[in-house]
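S.K.: One structure, pasted below without further comment.
The values are calculated or read from the model by the stated rules, or taken from the named source; none is laboratory data. In this text the structure is predicted, and so the values were computed from the model without any measurement. Because the Cβ atoms are built from the backbone with ideal geometry, glycine has one as well, and the counts that use them run over all protein chains shown. The protein model used for the area step is the full one, side chains on, heavy atoms only, and it has no ligands, DNA or RNA in it. Shrake-Rupley method; radii C 1.70, N 1.55, O 1.52, S 1.80 Å.
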Amino acid sequence: MPNSRPLKKILLSFLVALSLLLFVGDARAQRRPNARPAPQPTPQASVTAKIRLRWSGRTDIPRYRVQVARDAQFADIAVDNVVVGREVVVTDLAPGRYFWRVAPAAQETGSFSEAKPIQVETGVVNESTISTPQQTATTRVVSSAGWRTTTGYVQKPLAAHLRSATSYDFVGVNSDGMVFALDASSGMALWTARFRPNARRGEQTGNGGAQPFTPVIFNSAQGLANVLVAFDAGVRALEGATGRELWRVQLEEEATSGVAADFGQQTARELVVIAGGGKTMLLINPESGQIINRTKVGSNVIGSPVPFVYKNVRGLALALKDGTLQVRAEDGSLSVETKINTKFTTAPVFVQGPYVAMILVGMEKGLIAFDVSDLHPLGKIDFSRDGPRGTLTVSDLDGDGAPEVIAVTDSGRVVAISTITGQTTWVAEGATDADSAALADLDGDGVQDVLVAARTKFALGFSGRDGKLLWAADEESPRATSVQPTARSLVIAKTGNSSFLVGSDATSTGLRAIELPRLGQRAASQ
């Protein structure tokens, strides 16, 4: 066999030279100034798309309301705009499947068209057109401005200074747990908050049919309102103007109600949250979300605690379902309690009259008053055939310095009671759907009038002087009288030169707003 050593040496030399060439070439590539960097992935959050929406409409209706939602039921609304014309371009939508619809909005928002799906993709202008049916292009023109939404049933809308210290917006939570902040003059959504904020596409975003937590409005250090809402793991604070989350608190128990305990201050000293089926009270720092105190209160709390100040004492009044009334100090400790042999039907209210301060609570056949100092009973007010429900309203209707209490009863009566004499001032019928009363001077006589929801009417207005019916706002599609009442609340807020009355409509499909008659002008039925 020939000698292989020279061949091995030649092969080894070749391999060494090849390695040196590769090394030098790699080093030169690294030093090359124009070498392209490796492509970086685009963050998913920055990927947005554009859609152009068109509809047929009518030449005599210039304004339309356009909604784009992530679901066919429009529970998760992404866009809610008023448009002049019959075309709009919507930007900054994440890719995915959406639904959109349109309604005329000459004064009130009319009937929406059927929802149409649209698949939104990046890199193209996604277009969709709706041929608006004749019947959905009509709008009911009323004697005053207003709007409608399709938020779903909102039992208790709230008015708050979300964006301005001089005008109001509205906040409400629907039966699915979604919170809406709405512009008072147009009803357009400023922001929304899901009950399950971290739900992924296709997952349930609502509360599964649980009793919704009514949002709590509390003033920030800057003077505008923030909003405390519930979510699937506790409560969280949202900036009123934008819906941006400020903080969140994880709770072991589901929150059921709450209140801002400001004790007469401009900003809330603490937030009070009832959880655990109404048996636990938590005090929360409104600035940081820190839990200050957690207290067991015994039986279930009805509604929300009521903060009050009396002789420089700051307290919280709680009515429990077993007939126990408690007053707790601002740190949550029990100051005094009493128990009566009946069941309470409403949360308490604090009444500061010209002669005595008292706490009033609804019971099965009327009201009962307690002295605020030691909770000894002051007397009962008999309603004879039924008892109060929902929320009691306290107001000095005629400005004489002696407040009245307005109660709505199980049978739909509105009862006004003097806190001086304990006697019924007047009774009116028709508040079949009402949970509580709203107040406004409808006819300019200097007396606050009482507005309540009714079964086949959006609202009824009774004279605060004698209970006489002054005003009624009809519904386009009255609910059948066989349907049980749903306990709707109304709220009034001023924006600009107008005052709007807002509440869920009688069909419980969404919120409705109507402009109230101007002061000094006799209200007319619409």
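S.K.: Any residue at all in region 207-221 that's modelled with pLDDT of 95 or more and of a type in the set (S, T, Y)?
M.R.: Yes, because at least one residue in region 207-221 is modelled with pLDDT of 95 or more and of a type in the set (S, T, Y).
S.K.: Here is a further query. Of the numbered conditions (1) closer than 30 Å to V313 by Cα; (2) touching a strand residue (DSSP E or B) at 6+ places or on another chain (Cβ under 7 Å), G223 satisfies every one except a single condition; which is it?
M.R.: For G223, the failing item is (2).
S.K.: Tell me, which residue of region 154-186 that is part of a loop (DSSP other than H, G, I, E, B) and of a type in the set (D, E) is surrounded by the fewest Cβ atoms within 10 Å (Cβ to Cβ)?
M.R.: Only one residue fits best here, namely D183.
S.K.: Is there a residue being more than 22 Å from P403 (Cβ to Cβ) and surrounded by 16 or more Cβ atoms within 10 Å (Cβ to Cβ) anywhere in region 344-362?
M.R.: no
S.K.: Restricting to region 481-498, and then to whatever is of a type in the set (S, T, Y) and more than 18 Å from T409 (Cβ to Cβ), can you tell me which residue is modelled with the highest pLDDT?
M.R.: S498
S.K.: Follow-up. Condition first: open to solvent by 20 Å² or more (accessible area, probe 1.4 Å) and free of Cβ contacts under 8 Å to residues at least 40 places away in the same chain. Now tell me which residues in region 364-378 satisfy that.
M.R.: Answer for region 364-378, where residues must be open to solvent by 20 Å² or more (accessible area, probe 1.4 Å) and free of Cβ contacts under 8 Å to residues at least 40 places away in the same chain: E364, K365, D371, D374, H376, P377, L378.
S.K.: Which of the residues spanning region 252-262 are more than 24 Å from A221 (Cα to Cα) and surrounded by 20 or more Cβ atoms within 10 Å (Cβ to Cβ)?
M.R.: Answer for region 252-262, where residues must be more than 24 Å from A221 (Cα to Cα) and surrounded by 20 or more Cβ atoms within 10 Å (Cβ to Cβ): A255, T256.
S.K.: So if I check each of R248, R194, R200, which one is open to solvent by 40 Å² or more (accessible area, probe 1.4 Å), within 26 Å of A487 (Cβ to Cβ) and basic (K, R)?
M.R.: Among R248, R194, R200, only R194 is open to solvent by 40 Å² or more (accessible area, probe 1.4 Å), within 26 Å of A487 (Cβ to Cβ) and basic (K, R).
Yes or no, residue by residue, for (1) crowded, with 17+ Cβ neighbours inside 10 Å; (2) not in a loop (DSSP other than H, G, I, E, B):
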position: G264; (1), (2): no, no
position: A268; (1), (2): yes, no
position: L271; (1), (2): yes, yes
position: I274; (1), (2): yes, yes
position: S304; (1), (2): yes, no
position: P307; (1), (2): yes, yes
position: A319; (1), (2): yes, yes
position: D331; (1), (2): no, no
position: E337; (1), (2): no, yes
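S.K.: How many residues are outside any strand (DSSP E or B), within 28 Å of the chain's Cα centre (by Cα) and not hydroxyl-bearing (S, T, Y) if we restrict to region 276-302?
M.R.: Summing the residues that are outside any strand (DSSP E or B), within 28 Å of the chain's Cα centre (by Cα) and not hydroxyl-bearing (S, T, Y) in region 276-302 gives 12.
S.K.: Name the residue that is nearest to the chain's Cα centre (by Cα), counting only residues in region 450-466 that are open to solvent by less than 20 Å² (accessible area, probe 1.4 Å) and either within 18 Å of A402 (Cβ to Cβ) or of a type in the set (G, A, S) (or both).
M.R.: It comes out as A453.
S.K.: Quick one: which of T129, T91 is surrounded by fewer than 20 Cβ atoms within 10 Å (Cβ to Cβ), at pLDDT below 85 and over 31 Å from the mean Cα position of the chain (by Cα)?
M.R.: Criteria check complete, one pass: T129.
S.K.: So G96 clears everything in (1) closer than 24 Å to G240 by Cα; (2) modelled with pLDDT of 85 or more except one condition, right? Which one?
M.R.: (1)
S.K.: Just to be sure, is L439 at pLDDT 90 or above, in contact with a strand residue (DSSP E or B) (Cβ under 8 Å, 6 or more places away or on another chain), open to solvent by less than 20 Å² (accessible area, probe 1.4 Å) and closer than 20 Å to L397 by Cβ?
M.R.: In short, no.
S.K.: Here is a further query. How many residues does region 203-220 hold that are touching a strand residue (DSSP E or B) at 6+ places or on another chain (Cβ under 7 Å) and crowded, with 22+ Cβ neighbours inside 10 Å?
M.R.: Qualifying residue count, region 203-220: 6.
S.K.: Considering (1) within 28 Å of the chain's Cα centre (by Cα); (2) among the aliphatic types (A, V, I, L, M); (3) open to solvent by less than 10 Å² (accessible area, probe 1.4 Å); (4) farther than 25 Å from I368 by Cβ, say which one V447 fails and leave the rest.
M.R.: Only one criterion in (1) within 28 Å of the chain's Cα centre (by Cα); (2) among the aliphatic types (A, V, I, L, M); (3) open to solvent by less than 10 Å² (accessible area, probe 1.4 Å); (4) farther than 25 Å from I368 by Cβ is unmet by V447, namely (1).
S.K.: Among the residues of region 221-230, which ones are part of a strand (DSSP E or B) and open to solvent by 10 Å² or more (accessible area, probe 1.4 Å)?
M.R.: Answer for region 221-230, where residues must be part of a strand (DSSP E or B) and open to solvent by 10 Å² or more (accessible area, probe 1.4 Å): N226, A230.
S.K.: Looking at (1) at pLDDT below 90; (2) within 18 Å of K156 (Cβ to Cβ); (3) open to solvent by 40 Å² or more (accessible area, probe 1.4 Å), which is the one condition that is false for V394?
M.R.: Of the numbered conditions (1) at pLDDT below 90; (2) within 18 Å of K156 (Cβ to Cβ); (3) open to solvent by 40 Å² or more (accessible area, probe 1.4 Å), the odd one out for V394 is (1).
S.K.: A further question on this structure: Could you figure out which of (1) in a loop (DSSP other than H, G, I, E, B); (2) farther than 19 Å from P157 by Cβ isn't true of V235?
M.R.: Result: V235 fails condition (1) only.
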